[in-house]
Each structure stands twice: as C-alpha cells, then as structure tokens.
Amino acid sequence: MSGQHERQCGCEWGKCDQAVVQRVGRDKCLQHNEELRAYYDKKREEGKVHGVALGAVCRKLLMRIYAILKENRVYEAHPA
C-alpha cells in the first residue's frame, strides 16, 4: 500500500516539520537583518535567555509580516 495515501501537509517534498522551517527563517533574519540582530542582542543584554530573546525576535518579525499583509504593501527595509 506504499504511496497510496495522501500527504497530510502541503509540502511538495513530503513530510515537513514547521518548526524547522521557522528556525531556518529566524536564523537567517538574525544573520542578515541588522535591526533584528540588534534587537536580539539588546534582549540578551537585558538578561533574557536565548530562547526568550528569539521569541521576542519572532514576535517582532510576525508583527511586521502581519502589517505588510494587512496593508497589502511591499516591505521596505530601513537602514540601521
């Protein structure tokens, strides 16, 4: 019966893990976005542990994404 069942996720490459996709996106943001990296570093300096600081970065990023989608506009990065 192999190959005769429907996939349960929408990933074309098969079974996917949403947490992995989120981690990759979050890590890339910290590497390439100076503003989010500075925000992460600020949270760490405040004494927040790694996971809490990353959660704050994710919330900030999601708020940006939501605003862009809600207002139907293009993201414009502001230089730091």
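The table below gives the values:
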| item | result |
| --- | --- |
| Filter pass, CYS29 being touching a helix residue (DSSP H, G or I) at 6+ places or on another chain (Cβ under 6 Å), at pLDDT below 85, surrounded by 10 or more Cβ atoms within 10 Å (Cβ to Cβ) and not aromatic (Phe, Trp, Tyr) | yes |
| Looking only at the stretch 61-80, and only at residues there that are modelled with pLDDT of 85 or more and part of a loop (DSSP other than H, G, I, E, B), the one that is farthest from TYR40 (Cα to Cα) | ASN72 |
| The stretch 40-61 residues that are free of Cβ contacts under 8 Å to residues at least 40 places away in the same chain and under 13 Å from LEU30 (Cβ atoms), paired with ones that are among the hydrophobic types (A, V, I, L, M, F, W, C) and loosely packed, with under 12 Cβ neighbours inside 10 Å (beta carbon under 8 Å, 6 or more apart) | none |
| Whichever residue in the stretch 44-54 is closer than 17 Å to GLU34 by Cα and surrounded by 10 or more Cβ atoms within 10 Å (Cβ to Cβ) and, among such residues, is modelled with the lowest pLDDT | LEU54 |
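The values are calculated or read from the model by the stated rules, or taken from the named source; none is laboratory data. Everything quoted here is computed from the prediction, not taken from an experiment. In this analysis, Cβ positions are derived from the backbone assuming ideal geometry, glycine residues included, and neighbour counts consider all displayed protein chains.
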